[in-house]
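Everything below concerns the one structure shown next.
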Amino acid sequence: MEAHDEGTARAMAEANEVFEKLAETVQAAVSESPDRPLDVLEIARNVELEIDDLELRHLEIPRLIYPLRFCAWYDWFPWRPLWCYWWHRRYPYYECCHWWWFRCHPWYR
């Protein structure tokens, strides 16, 4: 049981690292050009999510997103389907994040 707990803890630590970097990248992009749309594919590649345009369409994520500066980035940026994508690519044997409070993206159930 402890080995599974260690594996899950390691996976969550890696996920937290990647998505903290995503948060920093999104916030930096908004700071640089607050009135320009963000390229989700470019941002995802900058944090090494290894995703392509076809996969974005599969996840039903628009390529360009306009920032809503009056909200926190996580309220308007599509990080949840990117999390699900990352989790299923990186740790497919866990099925899904154990602490996820929303259902997985429909394509990954």
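The values are calculated or read from the model by the stated rules, or taken from the named source; none is laboratory data. Remember, predicted model here, so these are calculated numbers, not experimental data. Here the Cβ positions follow ideal geometry from the backbone for every residue, glycine too, while neighbour counts run over all protein chains shown.
Scan region 43-80 for residues that are of a type in the set (Asp, Glu) and over 16 Å from residue 21 (Cβ atoms) and jot them down.
Of all residues in region 43-80, those of a type in the set (Asp, Glu) come to 48, 50, 52-53, 55, 60, 75.
Selection gives 52, 53, 55, 60, 75.
Report yes if residue 22 is surrounded by 14 or more Cβ atoms within 10 Å (Cβ to Cβ) and under 11 Å from the mean Cα position of the chain (by Cα), otherwise no.
Details: surrounded by 14 or more Cβ atoms within 10 Å (Cβ to Cβ): yes; under 11 Å from the mean Cα position of the chain (by Cα): yes.
It is true that residue 22 is surrounded by 14 or more Cβ atoms within 10 Å (Cβ to Cβ) and under 11 Å from the mean Cα position of the chain (by Cα).
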Options 81, 67; residue that is touching a Phe, Trp or Tyr at 6+ places or on another chain (Cβ under 8 Å) and touching a residue at least 24 places away in the same chain (Cβ under 8 Å): 67
Residues (closer than 15 Å to residue 26 by Cβ and surrounded by 12 or more Cβ atoms within 10 Å (Cβ to Cβ)) located in region 70-85: 73, 74, 76, 77, 78, 79, 80, 81, 82, 83
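Out of 88, 105, 58, I need the residue that is at pLDDT below 85 and farther than 25 Å from residue 6 by Cβ. Which one?
Values: 88 fails: farther than 25 Å from residue 6 by Cβ; 58 fails: at pLDDT below 85.
Only one candidate qualifies: 105.
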Of all residues making up region 48-69, the number that are over 15 Å from residue 84 (Cα atoms) and either surrounded by 16 or more Cβ atoms within 10 Å (Cβ to Cβ) or in contact with a strand residue (DSSP E or B) (Cβ under 7 Å, 6 or more places away or on another chain) (or both): 4
Residue 38 buried (at least 17 other Cβ atoms within 10 Å of the Cβ), modelled with pLDDT of 95 or more, among the hydrophobic types (A, V, I, L, M, F, W, C) and in contact with a helix residue (DSSP H, G or I) (Cβ under 9 Å, 6 or more places away or on another chain): yes
